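Worksheet: one structure, shown below.
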Amino acid sequence: MITPHGPDPVFYGIRGENMDALLHATKILKTDEKLAGHLIFKSNQGTGDHLENEFDVT
């Protein structure tokens, strides 16, 4: 699943760890839409980095 469900300007999203692989993936995906371009974001999503701190909710 790479397509968003909301009414936003994002056509699809690809997650990965290697920028060259991400760029290659954009070239092999076929679409009838004329896309304006692409953006690559660096984030900690999928790394577990956000789970470093424990919270006591009691």
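Observations on the structure shown:
- Each residue in the range 19-31 was checked for being farther than 17 Å from Pro4 by Cα and open to solvent by 80 Å² or more (accessible area, probe 1.4 Å), and 5 pass.
- Tyr12 falls short on exactly one of the conditions (1) open to solvent by 100 Å² or more (accessible area, probe 1.4 Å); (2) in contact with a Ser or Thr (Cβ under 7 Å, 6 or more places away or on another chain), and that condition is (1).
- Neighbours by Cβ (under 7 Å, 6+ apart or cross-chain): first from the range 32-45, open to solvent by 100 Å² or more (accessible area, probe 1.4 Å); second in a loop (DSSP other than H, G, I, E, B) and aromatic (Phe, Trp, Tyr): Glu33/Phe11
The values are calculated or read from the model by the stated rules, or taken from the named source; none is laboratory data. These numbers come from a predicted model, not from an experiment. No Cβ is skipped: glycine too gets one built from the backbone with ideal geometry, and neighbour counts run over all protein chains shown. Protein only, heavy atoms only, side chains kept; ligands, DNA and RNA dropped before computing areas. Shrake-Rupley method; radii C 1.70, N 1.55, O 1.52, S 1.80 Å.
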